[in-house]
Amino acid sequence: MLSGLANPRQAAVQLMNFGLILSTAFMMWKGLSVISDSPSPIVVVLSGSMEPAFQRGDLLFLWNRNFVAETSVGEVVVYNVKGKDIPIVHRIVRKFGKGPEAKLLTKGDNNVSDDTELYASGQDYLVRKDIIGSVFAYIPFVGYVTILLSEHPWLKTVMLGLMGLVVVLQRE
């Protein structure tokens, strides 16, 4: 079973295969980022603030190229708040003005009030540059693996260990 480790050439091939898999995944991610014009073209819903539209663990696909129409009221967007690393998925409930300087107010479907308390200090509205992208498609519950890995860090170690073991023990 571990005979592959005795042959340095086979071990090198397995290591290169593992590197190719990682680099392919990275290139696909960067390609999606360029196509969608979003730094994060795929996000996972982490809370229940958008229920019933989106459940915790749903995988959302984002699009940030508004060639034809501007961001509009009712659109579900993902935005970043200055000083916070976690993107927020909420719906635009009000819009003041037009163009890239339009002021946008968001709210979670399952929340009582709007998001002004979530915005950065001194920020009353969002502008277009705060938005990472608009949701155009989703896959239910697929992102739950991400939630499990972030809530239970030991699972990351187990998964990485298993992936490494598969690479080492794989035969060509």
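The values are calculated or read from the model by the stated rules, or taken from the named source; none is laboratory data. Quantities reported herein were computed from a predicted structural model and do not represent experimental measurements. Ideal geometry is used to build each Cβ from the backbone, glycine not excepted, and the neighbour counts take in all protein chains shown. Protein only, heavy atoms only, side chains kept; ligands, DNA and RNA dropped before computing areas. Shrake-Rupley method; radii C 1.70, N 1.55, O 1.52, S 1.80 Å.
Sites listed here are trypsin sites (Lys or Arg not before Pro) in region 47-149 whose DSSP assignment is loop and whose Cβ has at most 13 other Cβ atoms within 10 Å: 65, 82, 84, 98.
Looking at the chain, the accessible area is 64 square angstrom per residue; that uses a 1.4 Å probe and ignores ligands, DNA and RNA. Taking a 26 Å limit on the Cα-Cα distance, which of the listed pairs 30/82; 30/98; 129/156; 107/156 fall beyond it? From the list (30/82; 30/98; 129/156; 107/156), the Cα-Cα distance tops 26 Å for 30/98; 129/156; 107/156. Cα centroid separation, region 78-154 to region 18-41: 22 Å. How much of the accessible area of the chain, probe 1.4 Å, is carbon plus sulfur, in whole percent? Answer for the chain is 66 percent, counting heavy atoms of protein chains only. Of the options [x] 16.7; [y] 18.6; [z] 17.9, only one is Kirkwood radius over Cα pairs in Å as computed from these coordinates, and that is [y]. Among 15, 100, 66, whose Cα projects farthest towards the positive end of the dipole of region 1-100, with charges put on the beta-carbon of Lys, Arg (+1) and Asp, Glu (-1)? It is 100, whose Cα lies furthest towards the positive end. Computed over region 58-156, the Cα gyration tensor eigenvalues convert (square root of 5λ each) into semi-axes of 26, 17, 12 Å, ordered from largest to smallest.
Positive-end ranking of 154, 125, 167 along the dipole of the chain, with charges on Cβ about the Cα centre, is headed by 167.
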